[in-house]
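As structure tokens, the structure follows; a few thoughts come after it.
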Amino acid sequence: MSLHIEKQVPSAEEILAQYPMDKELVAVKKQRDAEIKDVFTGASDKFIVIIGPCSADNEDAVCDYVQRLARVNEQTKDKILLIPRIYTNKPRTTGEGYKGILHQPDPEKKPDMVSGLIAIRKMFIRSLKETSLSAADEMLYPGNWGYMEDLLSYVAVGARSVENQQHRLIASGMDVPVGMKNPTSGDLTVMINSVIAAQGHHTFLYHTNQVKSDGNPLAHTILRGAVNKHGQNIPNYHYEDFRLLLDLYDQHQLLNPACIVDANHSNSGKRWDQQPRIVKEVLHSRNLNEDIKHLVKGVMIESYIEDGNQKIGEGCYGKSITDPCIGWNKTEKLLYEIADRL
């Protein structure tokens, strides 16, 4: 056999018992979950901004960043609902490179996933305790959901995972909004089918148990752009794309029709500095059409303390070691502009 056991990993129950949430934080998160749910059901007209580093590689820098978000949140919370993007798993197209804090809590050391699971919980708990802002993460590994299900208020399923059966089934058993990205091909029917699956109830195998899910009425779509057969990026954040998505939602009569727009990835052609422009166009489209305004619930932005990115080991505090991000100065300006345009 070509798989070799390196160490035993504690169960989710064991890790949660060692690093539990305080009762006060449980109450804070419960209130946050209710506020976020209200946006997706239409009970609130606040605009969601899921924002933060491409990958959360350093606890101190990430918590520093979220504290900055919290200060802006106090000034904009009547219009914007800020959700820190604290992504602890990084999908790699070729399998090479830094895979996130789950794999390497220290990016310059060898993988240690037990330490990674502990580092994730410590970072999420600290961030919530210091700011009262519960976070978003990407569900790269569905089997790991139990280790963080009490911490997250938003989950994204990536473009390369969205067709996977297990991702869809686990999403159907979550109690928080789950965003299904369109696949890299751009096929919107794949994305819609994922939402249909996540909103349904299913019986399936989870770890060593047969489980049954209730279905997740908060499952929705994320437009992130596409790549054609020539490797060219095709954005899908324009007015016409929203009209097409509205038609698909109408055809399938799904619960709580909603969309988040990813301002980076193939929508920006990975030109990270174009994210503010793209967000402003999304807001313009919302203001042109009431149906689009109700459909587009928010945006997703890659942002950190410093502009751009760096290689592992270069040591610039608060600068991405994966994809480049807009820095804090641009971020703060953009968040206030979003509030002014709503």
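Coordinate-derived values only; no laboratory data. Keep in mind the model is a prediction, meaning the values are calculated, not measured. In this analysis, Cβ positions are derived from the backbone assuming ideal geometry, glycine residues included, and neighbour counts consider all displayed protein chains.
Details
- Rg/Rh for region 198-342 stands at 1.05; both radii use Cα atoms, and Rh follows the Kirkwood definition.
- A P(r) calculated from all alpha carbon pairs of region 1-114, with 5 Å bins opening at zero, reads 2, 9, 12, 16, 19, 16, 12, 8, 4, 2, 1, 0 percent.
- Sparse-neighbourhood loop sites, GluC sites (Glu not before Pro) in region 125-190 - DSSP loop, at most 16 other Cβ within 10 angstrom: GLU149
- Computed from the alpha carbon positions, the gyration tensor of region 85-242 leads to an equivalent ellipsoid with semi-axes of 26, 21, 16 Å, biggest first.
- Given LYS23/LYS122; LYS30/LYS293; LYS37/LYS297, the pairs whose alpha carbons are separated by over 19 Å: LYS30/LYS293
- Positive minus negative residues near THR203 (Lys, Arg vs Asp, Glu; Cβ under 14 Å): +1
- DSSP beta bridges in the chain [antiparallel fraction, %, rounded to 5]: 20
- Label-point gap, in nm, between LYS333 and GLN166 - each point 7 angstrom along Cα→Cβ: 4.4
- Cleavage-rule hits, trypsin sites (Lys or Arg not before Pro), region 51-139, DSSP coil, Cβ neighbours within 10 Å at most 15: LYS77, LYS79, ARG92, LYS109
- Radius ratio Rg over Rh of region 80-128, counting only Cα atoms, Kirkwood formula for Rh: 1.04
- Residues whose placed amide H lies under 5 Å from that of GLY158, excluding near-sequence neighbours: MET139
- Within region 275-342, the GluC sites (Glu not before Pro) that combine a DSSP coil assignment with at most 15 other C-beta atoms in a 10 angstrom radius are GLU314.
- Stokes-Einstein diffusion for the chain, with the hydrodynamic radius set to the Kirkwood value over Cα pairs and evaluated at 4 °C in a medium of 1.567 mPa s, equals 64 µm²/s.
- Value at 222 nm in deg cm²/dmol, rounded to 500, when DSSP H runs of n ≥ 4 in the chain each add -39,500 (n - 2.57): -12000 deg cm²/dmol
- Ellipsoid fit via the Cα gyration tensor, region 216-273: semi-axes of 24, 13, 10 Å, each the root of five times an eigenvalue, largest first.
- Cα-centre dipole for region 12-341 with unit charges at Cβ (Lys and Arg positive, Asp and Glu negative), debye to 20: 280
- Taking amide H as placed 1.01 Å from N in the peptide plane, the amide H of ALA135 sits under 5 Å from that of SER153, each at least 5 places away or on another chain.
- Cubic angstrom per residue, convex hull over Cα atoms of region 154-284: 110
- Where N is the number of residues in region 64-175, Cα Rg divided by 2.2 N^0.38 Å: 1.13
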